[in-house]
Amino acid sequence: MSGTVSKAEGASARRDGVLRIGTRGSALAVAQTTAVAESIARATGLDIELVTVTTHGDTSRESLSELGGTGVFATALREALLADECDLLVHSLKDLPTAQAPGLVIGAVPKRADARDALCARDGLTLETLPEGATVGTGSPRRVAQLKSVRPDLEVVDIRGNVDTRLGRVAEGDLDAVVLAAAGLGRLGRLDAVTDFFALSQVPTAPGQGALALEVRAGEETGRGDVARALKAVDHATTHACATAERAVLAGLEAGCAAPIGASALVDDGLLFLTATVYRPDGSERLTASHAATPDSFGAADLDEAARDVGARVVAELLGAGAADLAPLGSA
């Protein structure tokens, strides 16, 4: 049995057999929320309504650093959930502050998409072949530092806007290239714009990049209710553990979502590996730490415990090496 997915005209009252999922209204947010909704509908038979919520991050033209980090995208969504205007939220995990919101929990993390960053440049250019002084657009302090560390000659331009707006600046000749998340491009069917993928081993991305988080009211993640059924249907234990490990770095460093920090975790051959790098904002210096943990089994609880353990060890090494003096880490 499978349910249906529809868009609600404003918030509707809760009805049995119908799950209301809150989302931002951008094309990317709606696309990734719809994909989650369809998976839940197929697995549970629930009917799904998408409830669109406008956030301050969607309406402001300020840079992410001026706005105070990507947590600005989460506040209005969380208020809607707490007001019972929806039953579940879908966030881009990299946009979610590490501090748990009172009364809410992350109940599930679906299987991750491509975590890499991608260059979208004119004339098929790569990061290596961009001409000296080329203009590259990004709104991420981490990406600025990483670009400068490899190509200090580039002119990095602070930009905002949705994926189409950013790609349009390259097509119109305003910029030579932009850096975007491969996962977002894939979800929008725009991978054709990519001219260069950055290897995670060389360019670690934002903690949680490529993954989604399903946030619910505390207590509803357990039991046999519709919300708990939906979470169980889409949670991917390995992705959940990797995201937990990466986000433990941000939390341990007391860093904001927009801090110049990259982290990448993976599970391979029974080991959970985590590598994290803190950059000086101008890309002139960086610190890297890597550790591994061995979960007793692949049960969700053991993976979660291993993720937090390896995250704490990476944080301890970075702080011991002077990470707090290298970059402004901000607030988580």
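The values are calculated or read from the model by the stated rules, or taken from the named source; none is laboratory data. Since this is a predicted model, take the numbers as computed values, not measurements. Heads up, the Cβs are rebuilt from the backbone with ideal geometry, glycines too, and the neighbour counts pull from every protein chain shown.
Residues that are modelled with pLDDT of 95 or more and touching a Ser or Thr at 6+ places or on another chain (Cβ under 8 Å) within region 292-317 comprise Gly311, Val314, listed in sequence order.
Out of region 252-270, which residues are over 18 Å from Pro141 (Cα atoms) and either of a type in the set (Val, Ile, Thr) or surrounded by fewer than 20 Cβ atoms within 10 Å (Cβ to Cβ) (or both)? Quick ask: steps written out before the conclusion?
Our first condition is that a residue be over 18 Å from Pro141 (Cα atoms); within region 252-270, this holds for 252, 265-270.
Those that are over 18 Å from Pro141 (Cα atoms) and either of a type in the set (Val, Ile, Thr) or surrounded by fewer than 20 Cβ atoms within 10 Å (Cβ to Cβ) (or both): Leu266, Val267, Asp268, Asp269, Gly270.
Taking region 136-156 as the region of interest, how many residues are touching a strand residue (DSSP E or B) at 6+ places or on another chain (Cβ under 7 Å) and either in the same structural domain as Ala259 (by TED's automatic domain parsing) or surrounded by 17 or more Cβ atoms within 10 Å (Cβ to Cβ) (or both)? I'd like the intermediate steps shown before the answer.
The initial filter retains those residues of region 136-156 that are touching a strand residue (DSSP E or B) at 6+ places or on another chain (Cβ under 7 Å), namely 136-139, 142-149, 154-156.
Subset that is either in the same structural domain as Ala259 (by TED's automatic domain parsing) or surrounded by 17 or more Cβ atoms within 10 Å (Cβ to Cβ) (or both): 136-139, 142-149, 154, 156.
Residues in region 136-156 being touching a strand residue (DSSP E or B) at 6+ places or on another chain (Cβ under 7 Å) and either in the same structural domain as Ala259 (by TED's automatic domain parsing) or surrounded by 17 or more Cβ atoms within 10 Å (Cβ to Cβ) (or both): 14 in total.
For region 253-277, filtering for residues that are farther than 18 Å from Ala113 by Cβ, over 17 Å from the mean Cα position of the chain (by Cα), assigned to a strand (DSSP E or B) and among the aliphatic types (A, V, I, L, M) leaves 2. Consider Ala245 carefully, then state whether it is in contact (Cβ under 8 Å) with a residue 12 or more places away in the chain and crowded, with 24+ Cβ neighbours inside 10 Å. The answer is yes for Ala245.
Taking region 206-220, which residues are out of contact with any helix residue (DSSP H, G or I) (no Cβ under 8 Å at 6 or more places or on another chain) and in contact (Cβ under 8 Å) with a residue 40 or more places away in the chain? Even if it seems obvious, please write down each step before you answer.
Here is the first cut: in region 206-220, the residues out of contact with any helix residue (DSSP H, G or I) (no Cβ under 8 Å at 6 or more places or on another chain) are 218-219.
If the condition is that a residue be out of contact with any helix residue (DSSP H, G or I) (no Cβ under 8 Å at 6 or more places or on another chain) and in contact (Cβ under 8 Å) with a residue 40 or more places away in the chain, then Ala218 is the only one that fits.
Name the single residue, out of those in region 174-195 being among the acidic types (Asp, Glu) and surrounded by fewer than 19 Cβ atoms within 10 Å (Cβ to Cβ), that is farthest from Leu28 (Cα to Cα). Out of the qualifying residues, it is Asp174.
Listed by position, the helices (runs of 4 or more DSSP H) enclosed by region 112-223 that each have at least 3 residues that are touching an Asp or Glu at 6+ places or on another chain (Cβ under 9 Å) are 141-150, 182-187. With respect to the conditions (1) at pLDDT 95 or above; (2) not acidic (Asp, Glu); (3) not assigned by TED's automatic domain parsing to the domain that holds Pro102, Ala228 falls short on a single one, namely (3). Residue-level check: of (1) surrounded by fewer than 23 Cβ atoms within 10 Å (Cβ to Cβ); (2) over 14 Å from Ala118 (Cα atoms); (3) in contact (Cβ under 8 Å) with a residue 12 or more places away in the chain, Gly223 misses just (3).
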